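Peer 1: Following this message is one structure expressed as C-alpha cells.
The values are calculated or read from the model by the stated rules, or taken from the named source; none is laboratory data. Predicted, not measured: the structure shown is a model, and the values here were computed from it. Heads up, the Cβs are rebuilt from the backbone with ideal geometry, glycines too, and the neighbour counts pull from every protein chain shown.
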Amino acid sequence: MIIMYDDLEEEIKEFISLDRNNFNALANNVQNAFLEMAAKLRFQRMVLSDLVLPKYKSIIDTINQQIPIRHFNLVRKHFETALLNIESINKEKYYLKVYDDISDPFYKQRLDNYIYCLTLLKDHPVIPVPKLIMKGENFILISSIDGINLQQYYKQGGSHDFTNQMSEIIYHLKKTVDTVDKRFFLIDNEMDEDGEEIYTIDELKLRYPWLSDVTDSSIFCHNDLHDENIIVHNNKIVGIIDWELGGFYLNGYERCKYKYLNQYTRFDHLF
C-alpha cells in the first residue's frame, strides 16, 4: 500500500479522467509530491539515526578493528536494546544486537542466554542458527541469514507447509544435551518475592498453577518460537533466531507458557 498526501489523492482522481494535453503537467505535480514525501521520511530516519547511533560508536569501532565495515544502519530501537545491520567491505552481512543497560539483570540474562544458545547449537546438523561472530560486555555480532521470516513469507502469498521441518527441529531441540554450562530455568524469572530462588517443582506449581502440566524432567527450549523468529528460503527453514529466552526448562513449560499468555504460535501442537 502506498501512503500519500490527502491533496495528492484528489490529483490521482483527476488523473483518471485526464486528457492527453495536461498529462505531463499533472505527472510532474504527482512526482514532486512523492519526492517531497520521500525527503521528509528520509529526514525522519536520519534524525532517529543521529540520536541513537552515536551511543554505539565505540562498539562499531571495536568491530571495525577486526571486520572492516563498509556501512551500517539502525534497524530498530526497542526499549533498552538496539538492532543494527552491518555490511563489511567484503560485502558480508551481520546483525549487531546491543543491550543499553547491562546492569539490569533482565537484559544481562538475555545477552548471556543468546551467547549460550548460539554456542551450544553451533554447527548443529539440523537446528539452523546464526553464527556468533563477536561478543562484548553489552553486545553480540551474529551472521545474517539469507531469507525472510515466516510472517513475511505468508504475507507475500507463500503457501508451503513447514510443519514437518519444524517438527524435526523441535525434536532435536528436546534431545539437545548441555555441553557448555548448565543453564536451567524453572521459569523466565525464577525469584520469589524475597529474592530467593525457587528450586522444587512443587513450589513452582503452587506459585504458578498454570504450570500444572509440567514434568520434573528438563528439555532445551527456544521459548519464543513465533513466525518472526523463523527464517525461510526456497521453502526451507534456514534459520532460527532470537535466542534470548533459550535454555533448559521443565518439560511442558513452553507449551504451558504460550497457553497461559494466550500467545499461540503456528507450531504449538509440536511442543
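Peer 1: For a quick check of your reading: which strands (runs of 3 or more DSSP E) sit entirely within the range 78-182 and have at least 2 residues that are at pLDDT 95 or above?
Peer 2: Fully inside the range 78-182 and qualifying: 93-99, 132-135, 139-143.
Peer 1: Condition first: closer than 12 Å to Leu150 by Cβ, part of a strand (DSSP E or B), in contact (Cβ under 8 Å) with a residue 40 or more places away in the chain and touching a Pro at 6+ places or on another chain (Cβ under 7 Å). Can you find one or more residues in the range 229-237 that meet it?
Peer 2: yes
Peer 1: Could I ask something else about it? For Phe139, all conditions in the list (1) more than 15 Å from Asp242 (Cα to Cα); (2) of a type in the set (Phe, Trp, Tyr); (3) crowded, with 18+ Cβ neighbours inside 10 Å hold save one; what is the number of the exception?
Peer 2: Phe139 satisfies all of (1) more than 15 Å from Asp242 (Cα to Cα); (2) of a type in the set (Phe, Trp, Tyr); (3) crowded, with 18+ Cβ neighbours inside 10 Å except (1).
Peer 1: Would you mind stating whether Ile63 is buried (at least 17 other Cβ atoms within 10 Å of the Cβ) and modelled with pLDDT of 90 or more?
Peer 2: Yes.
Peer 1: While we're on this one: Would you point out the residue of the range 82-104, among those that are of a type in the set (Val, Ile, Thr) and surrounded by 13 or more Cβ atoms within 10 Å (Cβ to Cβ), that is farthest from Leu132 (Cα to Cα)?
Peer 2: Ile102
Peer 1: I would also like to ask the following. Check Lys77, Lys108, Lys97 and return the single one that is closer than 17 Å to Asp242 by Cα, within 18 Å of the chain's Cα centre (by Cα) and free of Cβ contacts under 8 Å to residues at least 12 places away in the same chain.
Peer 2: The unique qualifying residue is Lys108.
Peer 1: Another question about this same structure. Given Ile219, Ile231, which one is assigned by TED's automatic domain parsing to the domain that holds Val177, out of contact with any strand residue (DSSP E or B) (no Cβ under 6 Å at 6 or more places or on another chain) and not acidic (Asp, Glu)?
Peer 2: Values: Ile231 fails: out of contact with any strand residue (DSSP E or B) (no Cβ under 6 Å at 6 or more places or on another chain).
Of Ile219, Ile231, the one residue that is assigned by TED's automatic domain parsing to the domain that holds Val177, out of contact with any strand residue (DSSP E or B) (no Cβ under 6 Å at 6 or more places or on another chain) and not acidic (Asp, Glu) is Ile219.
Peer 1: Which of the residues belonging to the range 231-268 are over 18 Å from the mean Cα position of the chain (by Cα) and either at pLDDT 85 or above or among the aromatic types (Phe, Trp, Tyr) (or both)?
Peer 2: Scanning the range 231-268 gives Asn234, Asn235, Lys236, Phe248, Tyr249, Tyr253, Tyr260.
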